[in-house]
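Visitor: Mind having a look at this structure? Questions to follow.
The values are calculated or read from the model by the stated rules, or taken from the named source; none is laboratory data. Remember, predicted model here, so these are calculated numbers, not experimental data. Cβ sites come from the backbone with ideal geometry, for glycine too, and all protein chains shown count toward neighbours. To get the accessible areas, we keep the full protein, side chains included, count just its heavy atoms, and leave off ligands, DNA and RNA. Shrake-Rupley method; radii C 1.70, N 1.55, O 1.52, S 1.80 Å.
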Amino acid sequence: MGMLIQLLTAPLLPMRLAVWAAQRALDEATDEYYDPAPVYAALAELERMLQDGEIDQATFDRQEDELLDRLDEIAQFRQGPGRDPGGQTP
């Protein structure tokens, strides 16, 4: 019976392979998008630019707020759906 099922579903193999590859690509892109390391690096670079006088305090504050908002977004994603900021499920 198992061999018959495999024979009958063989034409679907290319589609299943394409779906699997697309899911792996999506997983990799999601991991990269929600990686906090580049945001921390950007914050360090922003601090360096402020200290070197390349940007003023107002620019620093605006860009820092944007980066901190991005870190909040990453933290919320990593907590997963249905969880509150305290880490407790509703």
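Visitor: Looking at (1) open to solvent by 60 Å² or more (accessible area, probe 1.4 Å); (2) not in a helix (DSSP H, G or I), find the lone condition where E32 falls short.
Guide: (2)
Visitor: Something else now. What are the residues in region 35-56 that are part of a helix (DSSP H, G or I) and aliphatic (A, V, I, L, M), if any?
Guide: Listed by number, the residues that qualify are A37, V39, A41, A42, L43, A44, L46, M49, L50.
Visitor: Out of the residues in region 48-72 that are of a type in the set (D, E) and free of Cβ contacts under 8 Å to residues at least 12 places away in the same chain, which is least open to solvent (accessible area, probe 1.4 Å)?
Guide: Of everything passing the filter in region 48-72, D61 is least open to solvent (accessible area, probe 1.4 Å).
Visitor: Here is a follow-up. Take the conditions without any contact (Cβ under 8 Å) to a residue 40 or more places away in the chain, part of a helix (DSSP H, G or I) and surrounded by 10 or more Cβ atoms within 10 Å (Cβ to Cβ) and apply them to L8. Does it pass? Reasoning before the result, please.
Guide: Values: without any contact (Cβ under 8 Å) to a residue 40 or more places away in the chain: yes; part of a helix (DSSP H, G or I): yes; surrounded by 10 or more Cβ atoms within 10 Å (Cβ to Cβ): no.
In short, no.
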